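The values are calculated or read from the model by the stated rules, or taken from the named source; none is laboratory data. Remember, predicted model here, so these are calculated numbers, not experimental data. Don't worry about glycine lacking a Cβ; one is built from the backbone with ideal geometry, like all the others, and counts go over all protein chains shown.
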Amino acid sequence: MGTEAADTSAVSLWKLGNLRQDVFLPIGVFILLLIVWEAAVRFFAIPLYLLPAPSVIWIDSVAVAGTMGGHTLATLNTVVLGFIISIVISLPLAVFMTSSPTVSSAIYPLLVLTQSIPKVALAPILVVMLGANELPRLVITFLVTFFPLVIAIAIGLLSVPAELIELGRSFKSSKFQELYRIRLPYAVPFIFSGLKVAIALAVVGAVVAEFVNADKGLGYLIITATAFFKTPVAFGALILLSVMGIVLFQLVVIIERIFFPWSAANQETTIG
(Lines give C-alpha, C1' and ligand atoms only; values in the text may rest on other atoms or scores of the structure.)
Protein backbone atom coordinates (compact mmCIF):
# COMPACT_ATOMS: atom_id res chain seq x y z
CA MET A 1 0.00 0.00 0.00
CA GLY A 2 2.78 2.39 0.92
CA THR A 3 4.57 1.74 -2.37
CA GLU A 4 1.37 2.30 -4.39
CA ALA A 5 0.69 5.56 -2.56
CA ALA A 6 4.25 6.71 -3.23
CA ASP A 7 3.91 5.83 -6.91
CA THR A 8 0.59 7.71 -7.13
CA SER A 9 2.14 10.76 -5.48
CA ALA A 10 5.09 10.63 -7.85
CA VAL A 11 2.76 10.46 -10.88
CA SER A 12 0.70 13.38 -9.54
CA LEU A 13 3.82 15.48 -9.02
CA TRP A 14 5.01 14.62 -12.51
CA LYS A 15 1.66 15.66 -14.03
CA LEU A 16 1.68 18.88 -11.99
CA GLY A 17 5.18 19.65 -13.21
CA ASN A 18 4.12 19.09 -16.83
CA LEU A 19 1.06 21.29 -16.29
CA ARG A 20 3.22 24.10 -14.97
CA GLN A 21 5.60 23.78 -17.90
CA ASP A 22 2.95 23.39 -20.64
CA VAL A 23 0.32 25.86 -19.37
CA PHE A 24 1.45 28.22 -16.66
CA LEU A 25 4.89 28.99 -18.10
CA PRO A 26 3.60 30.16 -21.53
CA ILE A 27 0.82 32.17 -19.86
CA GLY A 28 3.33 33.79 -17.52
CA VAL A 29 5.65 34.70 -20.38
CA PHE A 30 2.71 36.14 -22.35
CA ILE A 31 1.59 38.30 -19.41
CA LEU A 32 5.15 39.51 -18.89
CA LEU A 33 5.34 40.44 -22.59
CA LEU A 34 2.13 42.46 -22.30
CA ILE A 35 3.48 44.32 -19.26
CA VAL A 36 6.74 45.17 -21.04
CA TRP A 37 4.80 46.23 -24.14
CA GLU A 38 2.50 48.52 -22.15
CA ALA A 39 5.39 50.04 -20.20
CA ALA A 40 7.52 50.60 -23.32
CA VAL A 41 4.72 52.38 -25.19
CA ARG A 42 4.02 54.67 -22.26
CA PHE A 43 7.67 55.32 -21.39
CA PHE A 44 8.78 56.13 -24.94
CA ALA A 45 5.49 57.92 -25.77
CA ILE A 46 5.06 55.94 -29.00
CA PRO A 47 2.27 57.43 -31.16
CA LEU A 48 -1.01 55.52 -31.17
CA TYR A 49 -1.02 55.01 -34.95
CA LEU A 50 2.43 53.36 -34.81
CA LEU A 51 2.11 51.01 -31.85
CA PRO A 52 -0.89 51.16 -29.51
CA ALA A 53 -0.62 49.88 -25.94
CA PRO A 54 -2.38 46.58 -25.08
CA SER A 55 -4.85 48.46 -22.89
CA VAL A 56 -5.84 50.73 -25.79
CA ILE A 57 -6.18 47.72 -28.12
CA TRP A 58 -8.50 46.09 -25.60
CA ILE A 59 -10.67 49.20 -25.10
CA ASP A 60 -11.03 49.96 -28.82
CA SER A 61 -11.67 46.32 -29.73
CA VAL A 62 -14.36 45.92 -27.07
CA ALA A 63 -16.02 49.08 -28.40
CA VAL A 64 -16.55 47.36 -31.78
CA ALA A 65 -16.97 43.83 -30.41
CA GLY A 66 -20.16 43.16 -32.36
CA THR A 67 -18.66 44.15 -35.69
CA MET A 68 -15.44 42.30 -34.94
CA GLY A 69 -17.40 39.17 -34.01
CA GLY A 70 -19.13 39.16 -37.39
CA HIS A 71 -15.81 39.52 -39.21
CA THR A 72 -14.35 36.71 -37.10
CA LEU A 73 -17.17 34.33 -38.04
CA ALA A 74 -16.71 35.20 -41.73
CA THR A 75 -12.99 34.40 -41.61
CA LEU A 76 -13.61 31.24 -39.58
CA ASN A 77 -16.12 30.05 -42.18
CA THR A 78 -13.57 30.50 -44.98
CA VAL A 79 -10.82 28.79 -42.97
CA VAL A 80 -12.90 25.75 -42.03
CA LEU A 81 -14.43 25.24 -45.49
CA GLY A 82 -11.07 25.62 -47.24
CA PHE A 83 -9.49 23.21 -44.76
CA ILE A 84 -12.23 20.60 -45.28
CA ILE A 85 -11.93 20.89 -49.06
CA SER A 86 -8.17 20.38 -48.82
CA ILE A 87 -8.70 17.18 -46.78
CA VAL A 88 -11.31 15.83 -49.20
CA ILE A 89 -9.00 16.37 -52.19
CA SER A 90 -5.61 15.67 -50.59
CA LEU A 91 -6.33 12.18 -49.28
CA PRO A 92 -7.38 10.55 -52.59
CA LEU A 93 -4.72 12.53 -54.44
CA ALA A 94 -2.00 11.23 -52.11
CA VAL A 95 -3.30 7.67 -52.50
CA PHE A 96 -3.29 8.09 -56.27
CA MET A 97 0.25 9.50 -56.22
CA THR A 98 1.58 6.60 -54.16
CA SER A 99 -0.09 4.01 -56.39
CA SER A 100 2.90 3.98 -58.75
CA PRO A 101 6.21 5.85 -59.28
CA THR A 102 5.04 6.88 -62.76
CA VAL A 103 1.93 8.62 -61.43
CA SER A 104 3.98 10.31 -58.73
CA SER A 105 6.51 11.59 -61.26
CA ALA A 106 3.69 12.99 -63.40
CA ILE A 107 1.74 14.73 -60.61
CA TYR A 108 4.45 15.95 -58.23
CA PRO A 109 5.86 18.67 -60.55
CA LEU A 110 2.34 20.04 -61.00
CA LEU A 111 1.92 20.25 -57.22
CA VAL A 112 5.21 22.11 -56.91
CA LEU A 113 4.06 24.47 -59.68
CA THR A 114 0.89 25.36 -57.76
CA GLN A 115 2.99 26.25 -54.73
CA SER A 116 5.50 28.34 -56.68
CA ILE A 117 2.79 30.80 -57.76
CA PRO A 118 2.44 33.69 -55.25
CA LYS A 119 -1.10 33.51 -53.89
CA VAL A 120 -1.36 37.30 -53.59
CA ALA A 121 -0.70 37.56 -57.34
CA LEU A 122 -3.14 34.75 -58.12
CA ALA A 123 -6.03 36.12 -56.05
CA PRO A 124 -6.99 39.03 -58.39
CA ILE A 125 -6.99 36.66 -61.37
CA LEU A 126 -9.28 34.26 -59.51
CA VAL A 127 -11.64 37.15 -58.73
CA VAL A 128 -11.90 37.89 -62.48
CA MET A 129 -12.39 34.19 -63.30
CA LEU A 130 -14.74 33.18 -60.47
CA GLY A 131 -16.38 36.46 -59.49
CA ALA A 132 -16.25 38.66 -56.40
CA ASN A 133 -17.72 36.14 -54.00
CA GLU A 134 -16.66 33.52 -51.46
CA LEU A 135 -15.35 31.05 -54.07
CA PRO A 136 -11.99 32.79 -54.83
CA ARG A 137 -11.26 32.97 -51.08
CA LEU A 138 -11.97 29.25 -50.70
CA VAL A 139 -9.72 28.43 -53.66
CA ILE A 140 -6.84 30.48 -52.24
CA THR A 141 -7.26 28.85 -48.81
CA PHE A 142 -7.31 25.43 -50.44
CA LEU A 143 -4.20 26.12 -52.54
CA VAL A 144 -2.28 27.23 -49.46
CA THR A 145 -3.26 24.22 -47.34
CA PHE A 146 -3.43 21.18 -49.58
CA PHE A 147 0.24 20.84 -50.59
CA PRO A 148 1.72 20.06 -47.13
CA LEU A 149 -1.22 17.76 -46.47
CA VAL A 150 -0.72 15.79 -49.69
CA ILE A 151 3.01 15.43 -49.02
CA ALA A 152 2.48 14.35 -45.39
CA ILE A 153 -0.11 11.72 -46.36
CA ALA A 154 2.03 10.43 -49.24
CA ILE A 155 5.09 10.11 -46.99
CA GLY A 156 3.02 8.26 -44.40
CA LEU A 157 1.61 5.83 -46.97
CA LEU A 158 5.09 5.11 -48.34
CA SER A 159 6.70 4.73 -44.90
CA VAL A 160 5.06 1.41 -44.10
CA PRO A 161 7.73 -1.26 -43.43
CA ALA A 162 8.08 -3.73 -46.26
CA GLU A 163 7.58 -6.59 -43.77
CA LEU A 164 4.02 -5.44 -43.04
CA ILE A 165 3.20 -5.21 -46.75
CA GLU A 166 4.59 -8.69 -47.36
CA LEU A 167 2.64 -10.03 -44.40
CA GLY A 168 -0.59 -8.58 -45.77
CA ARG A 169 0.07 -10.01 -49.22
CA SER A 170 0.82 -13.43 -47.72
CA PHE A 171 -2.77 -13.38 -46.46
CA LYS A 172 -3.91 -12.49 -49.99
CA SER A 173 -5.16 -9.03 -49.03
CA SER A 174 -6.47 -6.89 -51.85
CA LYS A 175 -5.10 -3.44 -52.72
CA PHE A 176 -7.99 -1.82 -50.88
CA GLN A 177 -7.45 -3.98 -47.79
CA GLU A 178 -3.75 -3.19 -47.88
CA LEU A 179 -4.56 0.52 -48.01
CA TYR A 180 -7.34 0.45 -45.40
CA ARG A 181 -5.84 -1.98 -42.89
CA ILE A 182 -2.10 -1.38 -43.22
CA ARG A 183 -1.05 1.82 -44.97
CA LEU A 184 -3.65 4.28 -43.64
CA PRO A 185 -3.36 3.22 -39.96
CA TYR A 186 0.43 3.44 -40.20
CA ALA A 187 0.17 6.87 -41.85
CA VAL A 188 -2.11 8.38 -39.16
CA PRO A 189 0.73 10.21 -37.30
CA PHE A 190 1.95 11.64 -40.61
CA ILE A 191 -1.59 12.67 -41.58
CA PHE A 192 -2.13 14.57 -38.34
CA SER A 193 1.24 16.26 -38.69
CA GLY A 194 0.07 17.49 -42.08
CA LEU A 195 -3.32 18.52 -40.67
CA LYS A 196 -1.66 20.66 -37.99
CA VAL A 197 0.43 22.47 -40.58
CA ALA A 198 -2.54 22.81 -42.93
CA ILE A 199 -4.92 24.32 -40.36
CA ALA A 200 -2.34 26.95 -39.45
CA LEU A 201 -1.79 27.78 -43.13
CA ALA A 202 -5.56 27.90 -43.71
CA VAL A 203 -5.78 31.01 -41.52
CA VAL A 204 -2.97 32.62 -43.53
CA GLY A 205 -4.63 31.72 -46.84
CA ALA A 206 -8.01 33.09 -45.79
CA VAL A 207 -6.52 36.41 -44.69
CA VAL A 208 -4.48 36.74 -47.89
CA ALA A 209 -7.65 36.20 -49.91
CA GLU A 210 -9.53 38.76 -47.81
CA PHE A 211 -6.83 41.34 -48.43
CA VAL A 212 -7.56 41.11 -52.15
CA ASN A 213 -11.30 40.44 -52.37
CA ALA A 214 -13.70 40.69 -49.44
CA ASP A 215 -16.38 42.82 -47.88
CA LYS A 216 -16.12 41.02 -44.53
CA GLY A 217 -13.59 39.07 -42.50
CA LEU A 218 -10.69 39.93 -40.23
CA GLY A 219 -8.37 40.53 -43.18
CA TYR A 220 -10.86 43.03 -44.59
CA LEU A 221 -11.16 44.62 -41.13
CA ILE A 222 -7.39 45.06 -40.91
CA ILE A 223 -7.30 46.74 -44.31
CA THR A 224 -10.14 49.14 -43.54
CA ALA A 225 -8.90 49.90 -40.01
CA THR A 226 -5.39 50.78 -41.14
CA ALA A 227 -6.79 52.90 -43.99
CA PHE A 228 -8.47 55.12 -41.38
CA PHE A 229 -5.52 54.90 -38.94
CA LYS A 230 -7.53 52.82 -36.45
CA THR A 231 -4.43 50.87 -35.53
CA PRO A 232 -5.76 49.48 -32.21
CA VAL A 233 -8.66 47.82 -34.05
CA ALA A 234 -6.26 46.37 -36.60
CA PHE A 235 -4.11 44.97 -33.79
CA GLY A 236 -7.23 43.55 -32.17
CA ALA A 237 -8.12 41.75 -35.41
CA LEU A 238 -4.55 40.49 -35.67
CA ILE A 239 -4.72 39.08 -32.14
CA LEU A 240 -8.03 37.39 -32.94
CA LEU A 241 -6.42 35.76 -35.98
CA SER A 242 -3.63 34.43 -33.77
CA VAL A 243 -6.13 33.09 -31.24
CA MET A 244 -8.12 31.49 -34.04
CA GLY A 245 -5.04 29.72 -35.37
CA ILE A 246 -4.08 28.47 -31.90
CA VAL A 247 -7.60 27.21 -31.11
CA LEU A 248 -7.97 25.40 -34.45
CA PHE A 249 -4.51 23.85 -34.08
CA GLN A 250 -5.36 22.62 -30.58
CA LEU A 251 -8.67 21.27 -31.86
CA VAL A 252 -6.78 19.06 -34.31
CA VAL A 253 -4.52 17.94 -31.45
CA ILE A 254 -7.56 17.08 -29.29
CA ILE A 255 -9.19 15.09 -32.10
CA GLU A 256 -5.98 13.11 -32.53
CA ARG A 257 -5.74 12.40 -28.79
CA ILE A 258 -9.39 11.30 -28.55
CA PHE A 259 -9.71 9.14 -31.65
CA PHE A 260 -6.07 8.10 -32.20
CA PRO A 261 -4.43 8.18 -28.73
CA TRP A 262 -1.68 5.82 -29.82
CA SER A 263 -0.67 8.28 -32.57
CA ALA A 264 -0.55 11.23 -30.15
CA ALA A 265 1.44 9.21 -27.60
CA ASN A 266 3.89 8.14 -30.29
CA GLN A 267 4.44 11.76 -31.39
CA GLU A 268 4.93 12.95 -27.79
CA THR A 269 7.49 10.19 -27.22
CA THR A 270 9.32 11.10 -30.43
CA ILE A 271 9.42 14.80 -29.55
CA GLY A 272 10.47 14.10 -25.97
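Side notes on the structure shown:
- Scanning region 55-64 turns up no residue that is at pLDDT below 90, in contact with a Leu (Cβ under 9 Å, 6 or more places away or on another chain) and assigned to a helix (DSSP H, G or I).
- Residue within region 175-184 that is of a type in the set (Val, Ile, Thr), at pLDDT 90 or above and more than 15 Å from residue 84 (Cβ to Cβ) present: no
- Total residues in region 127-139, condition touching a residue at least 60 places away in the same chain (Cβ under 8 Å) and touching a Pro at 6+ places or on another chain (Cβ under 8 Å): 1
- Any chance residue 99 is under 29 Å from residue 198 (Cβ atoms) and at pLDDT below 90: yes
- Listed here are the helices (runs of 4 or more DSSP H) enclosed by region 92-178 that have at least 3 residues being farther than 28 Å from residue 200 by Cα and assigned by TED's automatic domain parsing to the domain that holds residue 217: 101-116, 162-170, 175-178.
- Within region 89-117, residues that are in contact (Cβ under 8 Å) with a residue 12 or more places away in the chain reach partners that are part of a helix (DSSP H, G or I) and of a type in the set (D, E, K, R) with beta carbons closer than 9 Å, at six or more positions or on different chains, in the pairs 95/183; 98/183.
- Here residue 190 fulfils each of the conditions (1) touching a residue at least 60 places away in the same chain (Cβ under 8 Å); (2) part of a helix (DSSP H, G or I) apart from (1).
- Per the listing 41, 88, the residue uniquely β-branched (Val, Ile, Thr) and in the same structural domain as residue 154 (by TED's automatic domain parsing) is 88.
- Residue pairs meeting the criteria (Cβ under 8 Å; at least 6 apart or on separate chains; first basic (Lys, Arg), in region 218-231; second crowded, with 17+ Cβ neighbours inside 10 Å and part of a helix (DSSP H, G or I)): 230/60
- Condition check for residue 120 on (1) under 17 Å from residue 195 (Cα atoms); (2) under 20 Å from the mean Cα position of the chain (by Cα): one failure, at (1).
- The one condition in (1) among the acidic types (Asp, Glu); (2) surrounded by fewer than 18 Cβ atoms within 10 Å (Cβ to Cβ); (3) in contact with a Gly (Cβ under 8 Å, 6 or more places away or on another chain) that residue 210 fails to fulfil: (2)
- Pairs where the first residue, in region 46-67, is exposed (fewer than 13 other Cβ atoms within 10 Å of the Cβ) and the second is part of a helix (DSSP H, G or I), C-beta under 6 Å, 6+ apart: 49/231
The rows are residues; the columns are (1) of a type in the set (Gly, Ala, Ser); (2) closer than 29 Å to residue 254 by Cβ; (3) surrounded by fewer than 16 Cβ atoms within 10 Å (Cβ to Cβ); (4) at pLDDT below 85.
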site	(1), (2), (3), (4)
122	no, no, no, no
131	yes, no, yes, yes
137	no, yes, no, no
142	no, yes, no, no
158	no, yes, yes, no
163	no, no, yes, no
169	no, no, yes, yes
187	yes, yes, no, no
195	no, yes, no, no
